[in-house]
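Asker: Dropping a structure here in structure tokens format, bear with me for questions.
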């Protein structure tokens, strides 16, 4: 029961994490009205994945793992791009906030509000679809296997817990003080994005597309395996891998080495107020 | 967001929900049929924490159906690799679960991950279907042959070093006037040379002086001539160096063993018969798993025939009349073994 629970917890968190971040970001940027679209995006992705999983099981076809990996990689890279741009937009916004020009956020938002909102809803939809199809196939497998009802119960419980984690991230993001939200969630989101980037490189390898630098850097599969509770949690949130390859470690570190100084490099309090663009 | 758009979205979600429920009903009613795995032609693999069972597989090209059963305590993923490239995989296999993987596989050699990704990989060989539906061609691939070939190389190097050591000790003993030790070492050297017999023709230039003439180990054991013994020791050292620097091809090794048996069949009274058969035995043993995979009956026959020859040679005074047909049988087996391993074509 534990392993199906942890597998679904990890896959579920990978999706709910992005939903939670996007939802709290929308609330914090005065776009609460977009939340309805976010929940619709989540619901549609879940239902489409359920339909696809059932269809696959009915016709008895193999789960297209390689195509799934490629899909995961592409969505992962898009998510990295959008999360990163969110972070830097927040940085710009927090500068305006600190100068007391709160209205300028709304001014900045109103311009590209619609397209940006749609893009975020799209990100939520694909982030859920990315994990949902594979999770549905796994869930159906837990019903089919002889291992009894507990495997299925564990898997479902894992999904519920993942949803709770997503809500916790959303509420945490909403409740936290505005300027702190922009500063520290930004760091958290950048670390999440680095994990997503490394995971996308791994997915590209498993899709048979990327085959360079596949030496294993360290093997923690005996110390902190990914199917242990902590390992699964860290894998879901930070993209932890117990046996990362050189290419994963390199992009992970390179992303943080570039993004974190860029984020902290310029003083958060500007010398003179600027016009928001 | 306008109310109309909201209704549109909710409507779409409702429609999707109805579709999912419908598919769910179809799925539940069909389940007994889809649940039974396609027993025909599917390949069952059990994966434990440490290994795959079986860990060596030969399957026909096309879309073989693998049934992967996780017998370990951990979630595993199962991959078919071609070098570092992932050819096909299945992730998230929970303990006790069985999943099916039906990848399209081109003929060739692949590796299978077994349990933890750091565990030793299993070997998967995909062979081209040649139209026949009965027996699969199971001739070993080049990759399969690497193992026994490398092991034989180690054996050949060890034998040549034993030869060089013994010849050296013999020459020293003769210098010191210790003829008893010299004779014993020369006999040991000659036995080592006999074990190398299947491949010694590859080193004819270095081995020649040890096989015939005044420096041959056989005649030295009688003459005990000091100068010739030193010359022989030098030749043996050179031969040892050449053997260390060479990797004989699988075909040369197996064909060499066959040639030795055939030559002995024509000369069953040869004084070195026992040591030469010991050299043949090593080759038969090393290639036995591959021979058995290709042709189980042949592998059993070789083991039986080789045992008969060894039993005859173990007698104090081997009867050449009995040995001759036994060696001829074994020689024929060795020719069949060469074909079974797919090594009979010169390349």
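Asker: Do you know which residues across the stretch A:232-244 are crowded, with 20+ Cβ neighbours inside 10 Å and in contact (Cβ under 8 Å) with a residue 40 or more places away in the chain?
Answerer: Here is the first cut: in the stretch A:232-244, the residues crowded, with 20+ Cβ neighbours inside 10 Å are A:232, A:235-236, A:239-242, A:244.
Within the stretch A:232-244, A:232, A:235, A:236, A:239, A:240, A:241, A:244 qualify.
Asker: Search the stretch B:101-113 for residues that are on the phi < 0 side of the Ramachandran plot and more than 13 Å from chain A (Cβ to nearest Cβ) and pair each with any residue that is at pLDDT 85 or above and exposed (fewer than 14 other Cβ atoms within 10 Å of the Cβ) when their beta-carbon atoms are under 8 Å apart and the residues are at least 6 apart or on different chains.
Answerer: From residues that are on the phi < 0 side of the Ramachandran plot and more than 13 Å from chain A (Cβ to nearest Cβ), there are no pairs.
Asker: All but one of (1) modelled with pLDDT of 90 or more; (2) surrounded by 19 or more Cβ atoms within 10 Å (Cβ to Cβ) hold for residue B:307, so report the exception by its number.
Answerer: Evaluating residue B:307 over (1) modelled with pLDDT of 90 or more; (2) surrounded by 19 or more Cβ atoms within 10 Å (Cβ to Cβ) leaves (2) as the failure.
Asker: Moving to a separate point now. For the stretch A:132-146, indicate whether the set of residues that are part of a helix (DSSP H, G or I), in contact (Cβ under 8 Å) with a residue 40 or more places away in the chain and more than 24 Å from residue A:55 (Cβ to Cβ) is non-empty.
Answerer: no
Asker: Still on this model: How many residues does the stretch A:60-87 contain that are within 9 Å of another protein chain (Cβ to nearest Cβ), over 20 Å from residue A:17 (Cα atoms) and either touching a helix residue (DSSP H, G or I) at 6+ places or on another chain (Cβ under 6 Å) or assigned to a helix (DSSP H, G or I) (or both)?
Answerer: 4
Asker: Let me spell it out: the conditions are (1) facing chain A (nearest Cβ under 7 Å); (2) at pLDDT below 80; (3) assigned to a loop (DSSP other than H, G, I, E, B), and residue B:40 meets all of them except one. Which number is the exception?
Answerer: (1)
Asker: A further question on this structure: Considering (1) part of a helix (DSSP H, G or I); (2) surrounded by fewer than 22 Cβ atoms within 10 Å (Cβ to Cβ); (3) in contact with a helix residue (DSSP H, G or I) (Cβ under 6 Å, 6 or more places away or on another chain), say which one residue B:269 fails and leave the rest.
Answerer: Every listed condition holds for residue B:269 apart from (1).
Asker: Here's a follow-up. Specify the residue that is surrounded by the fewest Cβ atoms within 10 Å (Cβ to Cβ); the eligible residues are those in the stretch A:206-230 that are part of a helix (DSSP H, G or I) and touching a residue at least 60 places away in the same chain (Cβ under 8 Å).
Answerer: Ranking the qualifying residues of the stretch A:206-230, first place goes to A:229.
Asker: Can you tell me how many residues in the stretch B:75-90 are modelled with pLDDT under 85 and farther than 30 Å from residue B:142 by Cα?
Answerer: Summing the residues that are modelled with pLDDT under 85 and farther than 30 Å from residue B:142 by Cα in the stretch B:75-90 gives 0.
Asker: Find the residue count for the stretch B:183-209, including only residues that are closer than 14 Å to residue B:231 by Cβ and touching a residue at least 40 places away in the same chain (Cβ under 8 Å). Give the derivation first.
Answerer: Going through the stretch B:183-209, the residues closer than 14 Å to residue B:231 by Cβ turn out to be B:186, B:189, B:206-209.
Still in the list and also touching a residue at least 40 places away in the same chain (Cβ under 8 Å): B:186, B:189.
Count: 2.
Asker: Any chance you could count how many residues in the stretch A:30-40 are touching a helix residue (DSSP H, G or I) at 6+ places or on another chain (Cβ under 7 Å) and within 9 Å of chain B (Cβ to nearest Cβ)?
Answerer: Total satisfying the criteria: 4.
Asker: Another question, then. Any residue that is farther than 15 Å from residue A:142 by Cβ, facing chain A (nearest Cβ under 7 Å) and surrounded by fewer than 18 Cβ atoms within 10 Å (Cβ to Cβ) - is there at least one of those in the stretch B:63-70?
Answerer: no
The values are calculated or read from the model by the stated rules, or taken from the named source; none is laboratory data. Note that the coordinates shown come from a computational prediction; the quantities given were computed from them, not determined experimentally. Note that each Cβ is placed from the backbone with ideal geometry, even for glycine, and that neighbours are counted across all protein chains shown.
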